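Notes to accompany the following structure.
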Amino acid sequence: MQSSDKKEIEQLVSELNDHSYRYHVLDTPVIADAEYDKLFRRLQELEAKTGYILPSSPTQRVGAPPLEKFDKVRHVEPMLSLDNAFSHDEVREFDQRIKKFLKSDAEIEYTVEPKYDGLAMELSYRKGKLHHASTRGDGVEGEDVTRNIRTIKAIPLTIENDASVPEEIDLRGEVYIDIEEFENLNREREKAGEAAFANPRNAAAGSVRQLDSAITAGRKLHMACYGVGAVKGMEFKSQKHLMEWLGQARFPVPLGFKTAKGIEQVIAVIQKIETERSRLPFEADGAVIKVNDFALQRQLGIKTREPRWAIAYKFPAHQGVTVIEDIIASVGRTGAITPVAIMKPVRIGGVTVSRSTLHNWDEIERKDIRIGDTVIIERAGDVIPHVVSVMTDNRSGSERRFPRPSTCPVCGSHVAREEGEVAFRCVGLNCEAQVLEKIIHYASRGAMDIEHLGEKNVELLYSNGLVKHFSDLYRIKKEQLLGLPRFAEKSAQNLIDAVEKSKRTTLARFLFALGILHVGEFAAKQLAKHFKDLQDLYQVAPERIMEIKQMGEKLAASISEFFSEKGNLLTFEALGELGVIVENPDYEAPGAKQAGILDNKTFVITGTLSQPRELFEQLIEKHGGRATGSVSKKTSYVLAGEEAGSKLEKAKTLGVKILSESEFMELIKE
Ligand code: IVH
């Protein structure tokens, strides 16, 4: 290896870790993400070339195949839990107990930190390197979640910097997820028809306890380190000393850590945290108070499972009691139907709450929520309020159940619910709640490809009432456009011409353009191969679709639902009358098809190839294969061009066969 490469690698690792620390721990990045990615790719390239990989390299955070189960790990020192205090007086009593135990009236120095609502974690470093990470488990034995914990960017893989590095050290802290991330995650899950996490703690725990670390890596977890277990080769004098060392060694520490002399100062600090609580980016359910001096801590010792030297002051829960006056079904932009409770307004934690999502009908039934019920509502931090439970003792007998929807409350089309999914969806093509999103997709490049009709223009037409239905697109007059902002003679004519031009299309494109749930470009192509024309799909039975290779139950149900909605079929007739012509050059009459050399093979294309990617996708499909977006164990081949990045890495770790462009050409030549 050239010494210049070695030097550059070391320089890059140090530089990248520095940026990562600024971004993930200090929250003050100094370079743009794209710049970081560029340096990262350069490092990957050099590591691949030389095989020289530092343990602290940021490339070493992801990329192991999923586990079958977690191994067990014994904690060298048990991980304890905390006693709780629910009032300021109980905090004072804690101070009294300590003084009594020590037989001294001298003021004690305490530390105060927020209590993070997440999952306790132990990080074990050996000779400065992260050796393993484990959950608390029963306090004596936890689960080995090292691979998942390595994906958390705020956690150093090695202890470096100017800090003195102990021979062995077990650090403790809380893995958590910021409220904003938690909400994003739940939104995505609801969109995908998955059950939402009830609170940030469940989200953090669920994300850490994933057998596939790639899932954890996608979750944006964070950590705050607040304690130490076994340690060799160093001695900490106090909690404050530990915090200082952690800070120097670039570990994330609890926000707003403070020392306080005497219990009254402690109470002033916890009051301050409490007033700032709703502005914190994470969920804090209390404050943890610890005796600062470690010698005193040892003297105080442990009573069964909790130390005598610490206590958790719990903030009053953000809960309130109110009555559900009504439940409505709300239809989202993607067609997902969500039940929403309309409540008698109630103030919780300084905010008036009058609506709460009930998530889905499974949840309503599980909690047995009825219209007229008295319920306990919780609003944790900035988290959207939710119903904790029903006070069934308050029932009068006049409460009403809210049935599952059979038709869409907005457009009256029927609703579908798939196997294994909790969400109901409206299948109406012209459903007002969805039509805007649908038309944006319909006009887009891979779909009907209507030039000059991007998102902005669709929104403009929609908000001015020019298009309420798909068919309205073909009824627009130039004069109408001229009345809108952004449109002049030429641009109006361009749009009219583009709409006209797009009228002649293929069945495959048209089917994709309809935005039927689960029907992507590939599925649309497959359908076009097997169905002669659009009418051939009317009232189609799911079984007939499932005869097509690679078409599963979900997809078949979704297509069948869509083509049995009468309103949708009427829309097709209207489109035909307006001049939309759907041809099907892809149709393969039964018996005519020859077996392709790539039948059943899936490909992922990555990096830069000598020709546009679409060309390779077409070649793959022509030979019976299929190109997909992300690498998994099931991927047959990865076709890797120049400067291939994370997908190539993933393929390598999963043992997926990698083809260069020339190898690929060779394969299809055979
Ligand atoms: S100290 C022996 N500090 O709360 C002391 N714990 O209810 C052990 N927690 O198991 C914990 N924030 O998971 C400590 N700043 C903090 C904390 C904290 C959250 C968790 C931790 C612990 C649980 C006890």
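The values are calculated or read from the model by the stated rules, or taken from the named source; none is laboratory data. These numbers come from a predicted model, not from an experiment. Here Cβ is always computed from backbone atoms with ideal geometry, including for glycine, and neighbour counts include all displayed protein chains. Note: accessible area is taken over every heavy atom of the protein model, side chains too, but ligands, DNA and RNA are not part of it. Shrake-Rupley method; radii C 1.70, N 1.55, O 1.52, S 1.80 Å.
Points worth noting:
- If only residues of segment 272-295 that are more than 14 Å from the ligand (Cβ to nearest atom) and of a type outside the set (Ser, Thr, Tyr) are counted, the one that is surrounded by the fewest Cβ atoms within 10 Å (Cβ to Cβ) is Arg279.
- Taken together, the residues in segment 205-228 that are within 14 Å of the ligand (Cβ to nearest atom) and of a type outside the set (Phe, Trp, Tyr) amount to 8.
- Only a single criterion out of (1) crowded, with 21+ Cβ neighbours inside 10 Å; (2) in contact (Cβ under 8 Å) with a residue 60 or more places away in the chain; (3) more than 16 Å from the ligand (Cβ to nearest atom) is not satisfied by Tyr313, namely (3).
- Going through (1) buried (at least 18 other Cβ atoms within 10 Å of the Cβ); (2) more than 23 Å from Thr602 (Cβ to Cβ); (3) in contact (Cβ under 8 Å) with a residue 40 or more places away in the chain one by one, His530 falls short only on (2).
- Filtered residues of segment 604-650 (kept if outside any loop (DSSP other than H, G, I, E, B), under 15 Å from Ser662 (Cα atoms) and touching a helix residue (DSSP H, G or I) at 6+ places or on another chain (Cβ under 7 Å)): Ile605, Thr606, Leu619, Val638, Leu639, Ala640
- Restricting attention to segment 651-670, the residues that are more than 22 Å from Leu43 (Cα to Cα), in a helix (DSSP H, G or I) and either free of Cβ contacts under 8 Å to residues at least 12 places away in the same chain or of a type outside the set (A, V, I, L, M) (or both) total 7.
- Residue-level check: of (1) touching a Gly at 6+ places or on another chain (Cβ under 8 Å); (2) surrounded by fewer than 15 Cβ atoms within 10 Å (Cβ to Cβ), Pro612 misses just (1).
- Members of segment 396-419 that are among the charged types (D, E, K, R) and either more than 20 Å from Gln539 (Cβ to Cβ) or in contact with a strand residue (DSSP E or B) (Cβ under 7 Å, 6 or more places away or on another chain) (or both): Glu399, Arg400, Arg401, Arg404, Arg417, Glu419
- Of the strands (runs of 3 or more DSSP E) contained entirely in segment 87-145, those carrying at least 3 residues that are among the aliphatic types (A, V, I, L, M) and either open to solvent by 70 Å² or more (accessible area, probe 1.4 Å) or within 11 Å of the ligand (Cβ to nearest atom) (or both) fall at 119-126.
- Just one residue in the set Val253, Val269 is modelled with pLDDT of 90 or more, more than 33 Å from the chain's Cα centre (by Cα), farther than 19 Å from His318 by Cβ and within 16 Å of the ligand (Cβ to nearest atom); that residue is Val269.
- In segment 256-266, the residues that are more than 10 Å from the ligand (Cβ to nearest atom) and either open to solvent by less than 60 Å² (accessible area, probe 1.4 Å) or under 27 Å from Glu77 (Cα atoms) (or both): Gly256, Lys258, Thr259, Ala260, Gly262, Ile263, Val266
- Each residue in segment 156-181 was checked for being at pLDDT 90 or above, surrounded by 16 or more Cβ atoms within 10 Å (Cβ to Cβ) and either farther than 29 Å from His518 by Cβ or not acidic (Asp, Glu) (or both), and 17 pass.
- In segment 229-248, the qualifying residues are those that are out of contact with any Ser or Thr (no Cβ under 8 Å at 6 or more places or on another chain) and open to solvent by 40 Å² or more (accessible area, probe 1.4 Å), and the one that is farthest from the ligand (Cβ to nearest atom) is Gly233.
- Applying a threshold of 9 Å to beta carbon distances and a minimum spacing of six or more residues, or different chains, the list of pairs starting in segment 66-85 at a residue that is open to solvent by 30 Å² or more (accessible area, probe 1.4 Å) and ending at one that is within 12 Å of the ligand (Cβ to nearest atom) and hydroxyl-bearing (Ser, Thr, Tyr) reads Asn84/Tyr313.
- Test result for Arg308, within 14 Å of the ligand (Cβ to nearest atom) and free of Cβ contacts under 8 Å to residues at least 24 places away in the same chain: no
- Identity of the residue in segment 498-527, open to solvent by 50 Å² or more (accessible area, probe 1.4 Å) and of a type in the set (D, E, K, R), that ends up nearest to the chain's Cα centre (by Cα): Glu521
- Residue that is surrounded by the fewest Cβ atoms within 10 Å (Cβ to Cβ), among those in segment 46-65 that are in contact (Cβ under 8 Å) with a residue 12 or more places away in the chain and part of a helix (DSSP H, G or I): Lys49
- Test: residue in segment 52-66 that is more than 25 Å from Leu123 (Cα to Cα) and away from the ligand (no atom under 16 Å from the Cβ): yes
- When Phe562 is tested against (1) crowded, with 20+ Cβ neighbours inside 10 Å; (2) over 34 Å from the mean Cα position of the chain (by Cα), exactly one condition is not met: (2).
- Looking across segment 396-414, just one residue is touching a helix residue (DSSP H, G or I) at 6+ places or on another chain (Cβ under 7 Å) and of a type in the set (Gly, Ala, Ser), and that is Ser413.
- Pick from segment 101-133, criterion under 24 Å from Arg298 (Cβ atoms) and of a type in the set (Gly, Ala, Ser), ranking: farthest from the chain's Cα centre (by Cα): Ser104
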